[in-house]
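Chemist: This structure is in structure tokens; I'll ask about it shortly.
Just so it is clear, none of the values below were taken in a lab; they were calculated from the coordinates. Please read all numbers here as calculations on a predicted model, not as lab measurements. Glycine gets a Cβ as well: all are built from the backbone with ideal geometry, and neighbour counts include every protein chain shown.
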Amino acid sequence: MKNSKTFREVAEAMMAASHQLNPKTRHGYEECFRLHIYPAFGARRITTITSMDVEAWAADLRTKVAPKTGRPYPASSVRTMIALSKVFKYAQRHRLITVNPCTGVERPRVVREEPVFLSPVQVERVADWLDVVPPCGLIIRFAAYTGLRPGELEALRIRDTNFRGGTSRFAVMCSGFRAVTGST
């Protein structure tokens with residue numbers, strides 16, 4: 001009987017069919033399944049999971065804290081709800097279930113703290129302190145004065161920098177937008 005599949009079986013089929021996921025997203029979903037979703041729903045038949053089950057699970061997830069940081073899982077719970085919902089959408093599309101139990105369940109909200117920016121004097125203090133381990137001071141200065149994020153800094157290559165002209169070319173990646181090319 002095709003409706004007798006477990007949640008884990010359907011999740012694995014959904015992941016196998018998701019050829020267009022980028023590796024970072026795929027890894028994030030796999031981590032969500034392993035840490036949060038499979039322990040609650042993995043062995044259950046997908047047809048037995050209700051909206052009430054999902055609501056109770058989501059409420060419980062919001063109360064958990066990360067062992068490493070001791071902080072709540074708010075951002076993780078949003079990603080986890082997205083991963084869970086994708087499995088149920090896949091199951092519904094393949095007629096394994098008639099109703100998606102995630103429909104109508106409120107997604108957790110992430111309250112973002114305002115970023116704290118260092119003043120130029122503070123940047124120089126940190127960079128001076130890190131100058132003993134080249135090129136760390138240079139990287140701090142470059143990051144602070146260009147506003148590049150860690151992934152963008154990591155993507156820079158020597159060929160992107162014009163040492164004589166004192167400029168660098170870079171592409172800024174924004175989620176859901178095309179790359180924006182800039183220079184310093």
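Chemist: Sticking with the crude label model, points 7 Å out along Cα→Cβ, report the distance from D128 to R95 in nm, one decimal please.
Modeler: Those two pseudo-labels are separated by 7.3 nm.
Chemist: Taking θ = phi - 60°, what integer Hz values does the Karplus form 6.51 cos²θ - 1.76 cosθ + 1.60 yield along region 138-146, in sequence order, with x for Gly and Pro?
Modeler: These are the phi-based 3J(HN,Hα) values: 4, 5, 4, 4, 4, 5, 5, 8, 9 Hz.
Chemist: Test of understanding: extend the Cα→C-beta vector of T103 to 7 Å, then name every residue of region 39-73 with backbone N under 12 Å from that spot.
Modeler: Once the point is set 7 Å along Cα→Cβ of T103, 51 turn out to lie under 12 Å by backbone N, inside region 39-73.
Chemist: Between M52 and L21, what FRET efficiency comes out of the Förster formula 1/(1 + (r/R0)^6) with R0 = 35 Å and r the beta carbon distance, rounded to 0.05?
Modeler: Details: r = 30 Å, r/R0 = 0.84.
The computed FRET efficiency comes out at 0.75.
Chemist: What full-extension length gain, to one decimal in nm, is calculated for K68 and R149 as 0.36 nm per residue of separation minus the Cα-Cα distance?
Modeler: Extra length from K68 to R149 when fully extended: 26.8 nm.
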